[in-house]
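Let me begin by presenting the structure, written as structure tokens, before commenting on it.
The values are calculated or read from the model by the stated rules, or taken from the named source; none is laboratory data. Nothing here was measured: the structure is a model prediction, and the numbers come from that model. Heads up, the Cβs are rebuilt from the backbone with ideal geometry, glycines too, and the neighbour counts pull from every protein chain shown. These accessible areas exclude ligands, DNA and RNA; they are computed on the full protein's heavy atoms, side chains included. Shrake-Rupley method; radii C 1.70, N 1.55, O 1.52, S 1.80 Å.
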Amino acid sequence: MARRNKILVPEARMALNDLKAQVAGTMKSEDAKYETAKEIGVPLNKGYNGDLSTREAGRVGGRLGGNMVRELVRMAQENLRKQ
């Protein structure tokens, strides 16, 4: 069963998109998954990607999401140190 991650604070959408772009090293969050796919060698194209395996698609999302979580934890630790 597919999980659907819902943003609990809808106003945070723009900040999360900015973080996604920052983590992937792109200017726009829409390009983040393509940049991540290119880095790990997954042939993700704009448009139809039905030929990708579940494993390949998961590698892209997992890498991007994992890096976002790592960055959020780092930011929280930094904020705690400042207190």
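A compact table of results
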item: Matching residues in region 50-74 - criterion: being outside any helix (DSSP H, G or I) and either open to solvent by 40 Å² or more (accessible area, probe 1.4 Å) or of a type in the set (F, W, Y) (or both); result: G50, D51, S53
item: Verdict on A32 being aliphatic (A, V, I, L, M), touching a residue at least 40 places away in the same chain (Cβ under 8 Å), open to solvent by less than 40 Å² (accessible area, probe 1.4 Å) and in contact with a Lys or Arg (Cβ under 8 Å, 6 or more places away or on another chain); result: no
item: First in region 6-22 and under 20 Å from T36 (Cβ atoms), second anywhere and open to solvent by less than 100 Å² (accessible area, probe 1.4 Å) and modelled with pLDDT under 90, Cβ under 8 Å, 6 or more apart; result: R13/I7; L16/I7
item: Residue that is modelled with the lowest pLDDT, among those in region 5-29 that are open to solvent by less than 60 Å² (accessible area, probe 1.4 Å) and in a loop (DSSP other than H, G, I, E, B); result: I7
